[in-house]
1. Taking LEU148, is it among the aliphatic types (A, V, I, L, M), farther than 27 Å from ARG15 by Cβ and modelled with pLDDT of 95 or more?
2. So, SER80, is that one surrounded by fewer than 20 Cβ atoms within 10 Å (Cβ to Cβ), out of contact with any strand residue (DSSP E or B) (no Cβ under 7 Å at 6 or more places or on another chain) and at pLDDT 95 or above or not?
3. Can you list residue pairs whose Cβ atoms sit under 7 Å apart, with the first residue in the range 10-21 being in a helix (DSSP H, G or I) and the second being of a type in the set (A, V, I, L, M, F, W, C) and surrounded by 13 or more Cβ atoms within 10 Å (Cβ to Cβ)? Count only pairs 6 or more apart in sequence or on different chains.
4. Could you list, in sequence order, the residues of the range 224-251 that are of a type in the set (A, V, I, L, M), free of Cβ contacts under 8 Å to residues at least 60 places away in the same chain and under 20 Å from ALA110 (Cα atoms)?
5. Just to be sure I understand the filter: pairs with C-beta atoms under 6 Å, separated by 6 or more residues or on different chains, first member in the range 180-193 and outside the structural domain of THR217 (by TED's automatic domain parsing), second member surrounded by 17 or more Cβ atoms within 10 Å (Cβ to Cβ) and part of a loop (DSSP other than H, G, I, E, B). Which pairs pass?
6. So, LEU218, is that one within 16 Å of the ligand (Cβ to nearest atom) and over 30 Å from ARG56 (Cβ atoms) or not?
7. From the list PHE20, PHE71, which residue is touching a strand residue (DSSP E or B) at 6+ places or on another chain (Cβ under 9 Å), more than 15 Å from ALA241 (Cα to Cα), of a type in the set (A, V, I, L, M, F, W, C) and modelled with pLDDT of 95 or more?
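The values are calculated or read from the model by the stated rules, or taken from the named source; none is laboratory data. Keep in mind it's a predicted model, so treat the numbers as computed, not measured. Every residue, glycine among them, receives a Cβ derived from its backbone with ideal geometry; neighbour counts consider all protein chains shown.
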Amino acid sequence: MARYGLIGRSLGHSRSPELFADLFAREGVSGAHYDLFELEAVEGLPALIAAHPDLRGLNVTIPYKQTVIPFLHALSTEASAVGAVNSIRITGDRWTGHNTDIEGFRALLAPHLRSLIDQGGEVRPRALVLGSGGSSRAVAYALREHGLRFRVVSRSRDRGDLTWDQVDRTVIGVCRLIINTTPLGMWPTVEEVPPLPYASLTERHHLIDLVYNPEETLFLRRGREAGAVVENGLVMLRRQAEAAWRFWGEG
Ligand SMILES: NC(=O)c1ccc[n+]([C@@H]2O[C@H](COP(=O)([O-])OP(=O)(O)OC[C@H]3O[C@@H](n4cnc5c(N)ncnc54)[C@H](OP(=O)(O)O)[C@@H]3O)[C@@H](O)[C@H]2O)c1
């Protein structure tokens with residue numbers, strides 16, 4: 001039997017087990033299990049792997065995507081570039097980190113870019129990335145691949161280009177692609193919303209929320225009500241899981 005799973009601190013929101021159950025069924029994989037492993041601290045990783053000798057691969061979520069790196073023996077090019085790991089391949093004593101959020105976000109971004117570029121022939125729409133954590137870095141990596149200019153909004157002046165109080169109607173007017181990489185609005189705190197001047201949104205804006213639970217966050221609802229094109233993180237979730245599955249198989 002081969003075991004896979006997800007590590008993170010609080011995993012009640014995770015849809016990964018059903019996602020991987022579907023994937024195993026589609027690929028005709030029998031005898032594979034996907035479990036949720038809540039860890040109080042990332043230091044618990046070696047003991048977890050030791051306790052489950054059948055573990056072949058792990059996904060990593062909040063808050064361990066960066067802090068897990070010192071425990072790994074090798075990193076893929078993408079994981080090194082982004083400085084965050086969301087998938088670990090376990091081959092005997094060798095644990096290799098990779099970042100499949102990049103591939104997942106590429107898939108989520110592609111149709112929005114096509115549509116933004118079609119709108120009035122604007123070749124390089126500007127983007128606003130909300131939050132500066134692990135997934136924000138994967139988003140930034142994918143935006144750079146397209147040569148897109150973007151600004152990162154953070155609670156700290158040190159981690160972003162703008163703080164929240166600086167995001168005014170001028171910034172919103174310039175940035176027609178807005179990507180939420182914060183957990184604001186994620187179940188169970190569904191009443192939370194990134195503090196933006198939503199009244200400045202138009203039907204020419206595209207709002208992407210990496211959060212997928214609930215399917216429509218308050219951020220996306222405010223965008224939809226302003227006429228913007230909106231999408232949650234489900235496509236990304238599926239694509240990053242498929243990429244993780246391929247990565248685990250490459251060992
Ligand atoms: N759809 C998918 O496949 C997918 C993939 C990855 C992540 N996600 C989702 O994306 C979200 C972020 O994940 P992550 O791994 O990037 O988490 P993370 O590393 O903890 O980063 C989240 C960032 O959001 C900002 N933030 C956190 N709490 C905030 C608050 N109360 N107010 C304002 N900003 C806050 C912080 O940036 P500052 O410190 O700079 O303010 C933080 O670094 C989660 O909801 C996760 O489920 C979805």
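1. Values: among the aliphatic types (A, V, I, L, M): yes; farther than 27 Å from ARG15 by Cβ: yes; modelled with pLDDT of 95 or more: no.
No; evaluated as a whole, the condition is false for this residue.
2. In short, yes.
3. SER16/LEU6; SER16/ALA241; PRO17/LEU36; LEU19/LEU237; LEU19/ALA241; PHE20/ALA241
4. ALA228, VAL230, LEU234
5. none
6. Working: within 16 Å of the ligand (Cβ to nearest atom): yes; over 30 Å from ARG56 (Cβ atoms): yes.
Considered against the rule, which asks whether it is within 16 Å of the ligand (Cβ to nearest atom) and over 30 Å from ARG56 (Cβ atoms), LEU218 comes out as yes.
7. Details: PHE20 fails: more than 15 Å from ALA241 (Cα to Cα).
The conditions single out PHE71.
Per-residue answers, yes or no, for (1) over 25 Å from ARG238 (Cα atoms); (2) within 16 Å of the ligand (Cβ to nearest atom):
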| site | (1), (2) |
| --- | --- |
| ILE102 | no, yes |
| ARG114 | no, no |
| ARG126 | yes, no |
| SER154 | yes, yes |
| ARG157 | yes, yes |
| ILE172 | yes, no |
